[in-house]
Structures are given as structure tokens and as C-alpha cells.
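**Q** The following block contains the structure, expressed as C-alpha cells.
The values are calculated or read from the model by the stated rules, or taken from the named source; none is laboratory data. Everything numeric here is computed off the predicted structure, so don't read it as measured data. Cβ placement follows ideal geometry from the backbone for every residue including glycine, while neighbour counts extend to all protein chains displayed.
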Amino acid sequence: MEVVVLPTPEDCGRVVADVVTAAVEGAPGEVIIGLATGSSPLLAYRELVARHAAGLRFDAVTAVLLDEYVGLPAGHPESYREVIRRELTDALGMDPARVHGPDGSAADPLQAAGDYEALVTGLRPVAVQVLGIGANGHVGFNEPGSSLASRTRVKTLTEQTRRDNARFFGGDVDAVPRHVLTQGLGTISAAEHLVLVATGEAKAAAVAGAAEGPVTTSCPGSVLQLHPHVTLVVDEAAAGRLQRADYARYVLTHKLVGQGW
Ligand code: GLP
């Protein structure tokens, strides 16, 4: 795992955008990118939109989303499919038919989970999967206790996650769905490159757990330690509890030319 500690959230956004740009530009044909919602990747997405305006093309890109709320009607402004369309894929000129997410409005969410797992597995490989992390260490919507080998399924949100996400629902915790569909940690781990971005002090404990703690279902983000190609991009505040932050800074200032991320 490469830990990249940078001064500001904007710097983090640029590095995440660099990783995605390299995948998009480097592919000879079709490329599949995994997208996360939440506030953490937004600066990266803004950067990608700016690069698209400057000529970066996404015509050959297919996007797969990590997760979705169960029970929000299709088109609900806070459904993740709608958020990603609004924040990113429309501005990148991507055909909505190339943006896939779990169907949280399906009459049978269990079936929808299986269908989405089959779709993501059939599309593989995901070249880059963008990730955020919850304050309790969740990745996607894999709450603590999630199997590190899990596949796409229905999960029940913790009350902490519902409270954290209430800000997107006018501060009303009761408006936050209790159930979600999420790619499992095993599904996510099949991507070729995982790039997780976290900023701010509130994420410092989760970041330390994911990067340096024991590999445990109690911190779903710790599954990153089992993956061969992970870039963990954090600002100084989110790096605040990392014991090896100095080494990460040292590595960054001594990269070989062309070493990449
Ligand atoms: C949400 C999403 C995750 C996201 C995380 C952190 O619940 N399901 O994919 O990474 O929580 O969100 P934020 O980046 O807004 O802090």
C-alpha cells in the first residue's frame, strides 16, 4: 500500500484524478472505472470535470457504482445513481447507459444484489476503484463486521452511518434509509487498483485502522492491506494518527522518475 500524505484536500483530489486519468488515457479501448459517492471524492471529480473540459475524453469509459440506498425511488436526488450523475458523469459527457449501480428501487432487493454482483463480475476488470471511508471504517456500505470476502448484498446501516449521512437528507436521520445494497469487500478487492481518499480529522482513526491496524472485520477498510495495488491518499488532518506518516512523506519525496502511483 502506498500512503500519500498531502497538505490539502485539493492536493488529494488532484492525485486521485491523476490515477483515474492514467487509467482512462492508458487503456487502448474500453475501460471500467469504479466510482464512490460521499463528499471525499468530490474534489477529485471536480478536477476530472475540468480535465474533460480541457480535452480528456470519457467516451470509452464504463462506470460502476459501489452502493445504493434501498427504497429510494429511481431519480430521488439522494440516490447514489442520481448523485453521481449530477456530480460527475453528466459533466463528463458519459452516456447514462454506461453508468451502472445497484437498483435500490427494485421490488426484490435481494435479487437486485445478486443481479448487480453478476453485472460487475461480468464487466471485469475494474481498472481503478475510487473509495472513501466512513468514520467507523466502512468502505462502500460494508459496515464493521462485514466479511472481508463478501459479495454484493443487502446490508443494514449502523445508526452512526445514518446520523453521518443525515446531512444529505436535510438533517433528518429518519429520512436516511435503513438498508442498502453494496458491493462486498471481496467484490471491491477484485479491482486492479484501489485508490482511497480521506480528508479531515474525523477520518484519522479510520485511516490509521485501515492502513496500520490489524486486518479485521471490525475495520472493513483494513481489507486494503490484502490488496496488491492500493493508493491511500490523505491530507495532513486525516494522516494525524498514522504512525508511519513520516515514512510516507519520505517515500513521496524520493519517488523514482516514472514510478507512478
Ligand atoms: C458513505 C458511502 C461511502 C463513503 C463514506 C464516507 O456512507 N457509502 O462510499 O465512502 O460513507 O462518506 P464521506 O466521503 O461523505 O465522508
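**Q** Quick check on my filter: what residues within region 205-249 are assigned to a strand (DSSP E or B) and in contact with a His (Cβ under 8 Å, 6 or more places away or on another chain)?
**A** Looking only at region 205-249, we keep the residues that are assigned to a strand (DSSP E or B), and these are 216, 219, 230-235.
Across region 205-249, the qualifying residues are Val230, Thr231.
**Q** To continue, here is another question. Being under 18 Å from Val83 (Cα atoms) and at pLDDT below 95 is the filter here, so list the residues in region 18-69 that pass it.
**A** Across region 18-69, the qualifying residues are Gly38, Ser39.
**Q** Same structure again: Filter region 144-191 down to the residues that are part of a loop (DSSP other than H, G, I, E, B), at negative phi and surrounded by fewer than 16 Cβ atoms within 10 Å (Cβ to Cβ) and list them by number. Break it down stepwise before answering.
**A** As a first pass, look at region 144-191 and keep what is part of a loop (DSSP other than H, G, I, E, B): 144-152, 157-158, 170-172, 176-178, 183-184, 190-191.
Retained after the next criterion (residues that are at negative phi): 144, 146-152, 157-158, 172, 176-178, 183-184, 190-191.
Scanning region 144-191 gives Ser147, Ala149, Asp172, Arg178.
**Q** Suppose we filter Val215, Val126, Val207, Val173 for residues that are free of Cβ contacts under 8 Å to residues at least 24 places away in the same chain and either touching a Gly at 6+ places or on another chain (Cβ under 7 Å) or over 15 Å from Leu66 (Cβ atoms) (or both); which single one remains?
**A** Values: Val215 fails: free of Cβ contacts under 8 Å to residues at least 24 places away in the same chain; Val126 fails: free of Cβ contacts under 8 Å to residues at least 24 places away in the same chain; Val207 fails: free of Cβ contacts under 8 Å to residues at least 24 places away in the same chain.
Checking each option against the conditions leaves just Val173.
**Q** Test Val215 against the criterion of being touching a helix residue (DSSP H, G or I) at 6+ places or on another chain (Cβ under 8 Å) and within 16 Å of the ligand (Cβ to nearest atom), and give yes or no.
**A** Details: touching a helix residue (DSSP H, G or I) at 6+ places or on another chain (Cβ under 8 Å): yes; within 16 Å of the ligand (Cβ to nearest atom): no.
Taking the combined requirement at face value, the residue does not satisfy it.
**Q** Pairs under 8 Å by beta carbon, first residue under 19 Å from His138 (Cβ atoms) and free of Cβ contacts under 8 Å to residues at least 60 places away in the same chain in region 42-71, partner of a type outside the set (A, V, I, L, M) and surrounded by 22 or more Cβ atoms within 10 Å (Cβ to Cβ), six or more apart or different chains?
**A** Hits for this filter: Leu42/Gly13; Leu65/Gly34; Leu65/Thr37; Leu65/Tyr80; Leu65/Arg81; Leu65/Gly101; Leu65/Pro102.
**Q** Among the residues of region 138-183, which ones are touching a Pro at 6+ places or on another chain (Cβ under 8 Å), more than 12 Å from the ligand (Cβ to nearest atom) and among the β-branched types (Val, Ile, Thr)?
**A** Thr152, Val154
**Q** Can you find a residue that is within 15 Å of the chain's Cα centre (by Cα) and within 14 Å of the ligand (Cβ to nearest atom) anywhere in region 20-31?
**A** Start the filter on region 20-31 by keeping residues that are within 15 Å of the chain's Cα centre (by Cα), which leaves 20.
After this cut, where a residue has to be within 14 Å of the ligand (Cβ to nearest atom) as well, the list is none.
The answer is no; no qualifying residue exists.
**Q** Okay, moving on. Taking region 192-204 as the region of interest, how many residues are away from the ligand (no atom under 13 Å from the Cβ) and assigned to a helix (DSSP H, G or I)?
**A** First, pick out the residues of region 192-204 that are away from the ligand (no atom under 13 Å from the Cβ): 192-193.
Pick out the ones that are also assigned to a helix (DSSP H, G or I) and you get none.
Selection size over region 192-204: 0.
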